[in-house]
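Quick notes on the structure that follows.
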């Protein structure tokens, strides 16, 4: 791919775009309304988990840049993410890159034990299954955040591989991993 170096230089030198999840949904709704037939997943509304086609459109077509989407709806994210003051969203973000979609997902974690226990009840999770996680809060915690990087996605991005299976050291797919 003769454009790879230019694409990599662009992503590291161009400012990243930032858009709230709510704004991203509005942008997608406006674009999809122009021609629903172009989309595999044309139904988007607040609370829809963004698909790869949505993520790629935001990063590749609309912003033409690596893009942070932040403040996702609380009910589509994990119980341990800290709620925002609006009560509808959590302090979470995804980094979307052209050609891939989501590369990194991150969030502020809930450090308050009583709030975490209440969220576990709300999500229908048994506290005894998460005793070790609750102990992390019970015996002292501070406000903190974390993120996860899709390593194979990063390898695909920086090498211009088209199929993620080519970047996975030990790929698994139906019929390939007997247990």
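Does the stretch 106-126 include one or more residues that are closer than 22 Å to residue 53 by Cα and within 21 Å of the chain's Cα centre (by Cα)? Looking for residues that are closer than 22 Å to residue 53 by Cα and within 21 Å of the chain's Cα centre (by Cα), one finds at least one in the stretch 106-126, hence yes. When you scan the stretch 105-160, how many residues do you find that are in contact (Cβ under 8 Å) with a residue 24 or more places away in the chain, assigned to a helix (DSSP H, G or I), loosely packed, with under 15 Cβ neighbours inside 10 Å and in contact with a helix residue (DSSP H, G or I) (Cβ under 7 Å, 6 or more places away or on another chain)? Final tally of qualifying residues: 2.
Residues of the stretch 43-67 that are farther than 29 Å from residue 87 by Cβ and assigned to a loop (DSSP other than H, G, I, E, B): 64, 65, 66. Within the stretch 69-77, can one find any residue that is farther than 24 Å from residue 14 by Cβ, in a helix (DSSP H, G or I) and touching a helix residue (DSSP H, G or I) at 6+ places or on another chain (Cβ under 7 Å)? No - not one qualifying residue is present in the stretch 69-77.
Quick one: how many residues across the stretch 11-30 are surrounded by 12 or more Cβ atoms within 10 Å (Cβ to Cβ) and either touching a residue at least 24 places away in the same chain (Cβ under 8 Å) or in a loop (DSSP other than H, G, I, E, B) (or both)?
As a first pass, look at the stretch 11-30 and keep what is surrounded by 12 or more Cβ atoms within 10 Å (Cβ to Cβ): 11, 14, 16-29.
Okay, now just the ones that are also either touching a residue at least 24 places away in the same chain (Cβ under 8 Å) or in a loop (DSSP other than H, G, I, E, B) (or both), so 11, 14, 16-22, 24, 27-28.
Residues flagged as surrounded by 12 or more Cβ atoms within 10 Å (Cβ to Cβ) and either touching a residue at least 24 places away in the same chain (Cβ under 8 Å) or in a loop (DSSP other than H, G, I, E, B) (or both) within the stretch 11-30 amount to 12.
For the stretch 26-53, a tally of residues being in contact with a helix residue (DSSP H, G or I) (Cβ under 9 Å, 6 or more places away or on another chain) and more than 13 Å from residue 96 (Cβ to Cβ) returns 14.
Let's see how each residue does on (1) out of contact with any strand residue (DSSP E or B) (no Cβ under 8 Å at 6 or more places or on another chain); (2) under 30 Å from residue 4 (Cα atoms); (3) free of Cβ contacts under 8 Å to residues at least 40 places away in the same chain:
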{"site": "32", "(1), (2), (3)": "yes, yes, yes"}
{"site": "36", "(1), (2), (3)": "yes, no, yes"}
{"site": "55", "(1), (2), (3)": "no, yes, no"}
{"site": "60", "(1), (2), (3)": "yes, yes, yes"}
{"site": "83", "(1), (2), (3)": "no, no, yes"}
{"site": "87", "(1), (2), (3)": "yes, no, yes"}
{"site": "102", "(1), (2), (3)": "no, yes, no"}
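No value in this document is a laboratory result; all are computed from the given coordinates. Quick caveat, the model's predicted, so the values are computed rather than measured. Every residue, glycine as well, gets a Cβ built from its backbone with ideal geometry; the counts of neighbours run over all protein chains shown.
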